[in-house]
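Enquirer: Before we start, here is the structure in question, set down as structure tokens.
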Amino acid sequence: NAGVMQNPRHLVRRRGQEARLRCSPMKGHSHVYWYRQLPEEGLKFMVYLQKENIIDESGMPKERFSAEFPKEGPSILRIQQVVRGDSAAYFCASSPTPDRRYGYTFGSGTRLTVV
Amino acid sequence: QKEVEQDPGPLSVPEGAIVSLNCTYSNSAFQYFMWYRQYSRKGPELLMYTYSSGNKEDGRFTAQVDKSSKYISLFIRDSQPSDSATYLCAMSADQGAQKLVFGQGTRLTINP
């Protein structure tokens, strides 16, 4: 049973380009969470999605960032017109239920570098 | 002031020592407390989960929560070099969003 799969593992984008980060949750998991980890900082919540629905996007920057979790296929975190400050590790996690007792299963992350 | 404060370290101890890792928090609504371990270039993995106050033990790991002091701890007994990693505390409120609020993480090295 594969874990949470994120790709690409590393992504380099020039300022102004778009970045698309993909996350395939564990089999049977319908709840997906995106977190961002800036250098020397802890993980910061960005968005919580269920299939075809955004449940909580309170951690998403108001502009340039969007997320989706379609009925078929992986969850996508999209960053338009990237800037240097977007450079970070982006982690996706999934869970079978929203019950916190089971925690999340995290992927290995996508490391975005904006040059 | 951050909602969750955690000393980033680094913390270096000899193999076999007892390690104590701590977090303080300011939001009295937090009810769920977790410790995650993160190896370099990997995602965090859940180590311990505790609901409300009290202690929980799992093998060499013990988690303690003191809600009156807004203070949580993770103890590692008989530490091993394989325990070398960054340890992150995380917590969430009983109601509302599913998001976890993480501490900065403490980088731990166990020296053989």
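The values are calculated or read from the model by the stated rules, or taken from the named source; none is laboratory data. Worth saying up front: this structure is predicted, and the values here are computed from it rather than measured. No Cβ is skipped: glycine too gets one built from the backbone with ideal geometry, and neighbour counts run over all protein chains shown. Side chains are part of the model used for accessible areas, which takes the heavy atoms of the whole protein and leaves out ligands, DNA and RNA. Shrake-Rupley method; radii C 1.70, N 1.55, O 1.52, S 1.80 Å.
Enquirer: So which trypsin sites (Lys or Arg not before Pro) in the range B:1-100 end up in coil per DSSP with only 11 or fewer other C-beta atoms within 10 Å?
Expert: Counting only loop positions with at most 11 other Cβ atoms within 10 Å, the trypsin sites (Lys or Arg not before Pro) in the range B:1-100 are B:Arg41.
Enquirer: Based on the Cβ-Cβ distance from A:Asn7 to A:Ile54, what FRET efficiency comes out when R0 is 22 Å, to the nearest 0.05?
Expert: Values: r = 22 Å, r/R0 = 0.98.
In this case the efficiency is close to 0.55.
Enquirer: With +1 assigned to the C-beta of every Lys and Arg and -1 to the C-beta of every Asp and Glu, and no other charges, what is the dipole magnitude of chain B about the Cα centre in debye, to the nearest 20?
Expert: 220 debye
Enquirer: Let me ask something else about it. Inside 10 Å of the C-beta atoms of A:35-45, what's the mean count of C-beta atoms belonging to other chains?
Expert: Average neighbour count from other chains, rounded to a whole number: 6.
Enquirer: Give the calculated FRET efficiency between B:Lys2 and B:Ser69 to the nearest 0.05, with a Förster radius of 22 Å applied to their Cβ-Cβ distance.
Expert: Efficiency, rounded to the nearest 0.05: 0.85.
Enquirer: Within the range A:8-82, what whole-number % of the accessible surface is contributed by carbon and sulfur, with the 1.4 Å probe and all protein chains included in the calculation?
Expert: Ligands and nucleic acids excluded, carbon and sulfur reach 43 percent.
Enquirer: Could you give the dipole magnitude of the protein assembly as shown about its Cα centre, charging the beta-carbon of Lys and Arg +1 and that of Asp and Glu -1, in debye to the nearest 20?
Expert: That gives a dipole near 780 debye.
Enquirer: Along each of the three principal axes of the Cα atoms of the range B:52-101, give the extent in whole Å, ordering the values from largest to smallest.
Expert: Principal axes ranked by extent give 39, 21, 17 Å for the Cα atoms.
Enquirer: Which residue, A:Glu40, A:Glu63, A:Glu18, tops the fluctuation ranking in a GNM of chain A built on C-alpha contacts under 10 Å?
Expert: With Cα springs under 10 Å in chain A, the top fluctuation among A:Glu40, A:Glu63, A:Glu18 is at A:Glu40.
Enquirer: Right, another one. Across chain A, where is the longest run that never hits trypsin sites (Lys or Arg not before Pro) in a DSSP loop with at most 10 other C-beta atoms within 10 Å?
Expert: Counting at most 10 other Cβ atoms within 10 Å as exposed, the longest clean stretch of chain A is A:72-115.
Enquirer: Right, here's the next one. Just to be sure I understand the curve: with the Debye formula and one point per C-alpha of chain A, what is log10 I(q)/I(0) at q = 0.11, 0.15, 0.20, 0.23 Å⁻¹?
Expert: Taking Cα atoms of chain A as identical point scatterers yields -0.32, -0.59, -1.06, -1.38.
Enquirer: Give me, ordered by chain and number, the residues 5 or more places off B:Gln31 or on other chains with an amide H under 5 Å from its own placed amide H.
Expert: It is B:Ser92, B:Ala93, B:Asp94, by chain and number.
Enquirer: In terms of solvent-accessible area of protein heavy atoms at a 1.4 angstrom probe, what is the ranking of B:Leu47, A:Leu43, highest value first? Walk me through the intermediate numbers first.
Expert: Working: B:Leu47 35, A:Leu43 5 Å².
Sorted by accessible area, descending: B:Leu47, A:Leu43.
Enquirer: Using protein heavy atoms only (no ligands, DNA or RNA), what is the total accessible area buried between A and B, 1.4 Å probe, nearest 100 Å²? Intermediate values should be presented prior to the final figure.
Expert: Working: alone 6800 and 6240 Å², together 11110 Å².
Buried area between the two chains comes out at roughly 1900 Å².
Enquirer: Hey, what's the Cα Rg ratio for the range B:24-67 versus the globular rule of thumb, 2.2 N^0.38 Å?
Expert: That works out to 1.28 for the range B:24-67.
Enquirer: For the range A:4-20, take each phi angle, set θ = phi - 60°, evaluate the Karplus expression 6.51 cos²θ - 1.76 cosθ + 1.60, and give the result in whole Hz per residue in order, putting x for glycine and proline.
Expert: 6, 9, 10, 8, x, 6, 10, 9, 10, 10, 7, 3, x, 7, 9, 10, 10
Enquirer: Just the number, please: carbon plus sulfur as a percent of the accessible area of chain B, 1.4 Å probe, no ligands or DNA/RNA counted.
Expert: Here it works out to 46 percent.
Enquirer: Per residue, how much accessible area does the protein assembly as shown have with a 1.4 Å probe, in Å²?
Expert: 49 Å²
Enquirer: Here's a follow-up. Which positions within the range B:26-64 get 10 Å² or more of their accessible surface covered by the other protein chains, compared to the chain by itself, with a 1.4 angstrom probe?
Expert: Buried by the other chains: B:Tyr32, B:Met34, B:Tyr36, B:Gln38, B:Arg41, B:Lys42, B:Gly43, B:Pro44, B:Leu46, B:Tyr49.
Enquirer: Another question, then. Name the residues whose placed amide hydrogens come within less than 5 Å of the amide hydrogen of A:Ile55, ignoring near sequence neighbours (fewer than 5 apart) on the same chain.
Expert: Counting only residues 5 or more places away or on other chains, the set is A:Tyr48, A:Leu49, A:Gln50.
Enquirer: What relative contact order, as a whole-number percentage, does chain B give when Cα pairs under 8 Å and 6 or more residues apart are counted?
Expert: Value for chain B: 37 percent.
Enquirer: Pop out the ³J(HN,Hα) list for the range A:32-43 in order, Karplus 6.51 cos²θ - 1.76 cosθ + 1.60 with θ = phi - 60°, rounded to Hz; leave Gly and Pro as x.
Expert: Ordered by residue, 3J(HN,Hα) equals 10, 10, 10, 10, 10, 10, 7, x, 6, 10, x, 6 Hz.
Enquirer: Evaluate the protein assembly as shown: find the radius of gyration of its Cα atoms, find its Kirkwood radius, and give the ratio Rg to Rh. Each step should come with its number before you reach the end.
Expert: Values: Rg = 17.6 Å, Rh = 18.1 Å.
The Rg/Rh ratio comes out at 0.97.
Enquirer: Normalise the Debye intensity by I(0) for chain B, one equal point scatterer per Cα, no solvent, then take log10 at q = 0.13, 0.14 Å⁻¹ and round to two decimals.
Expert: -0.45, -0.52
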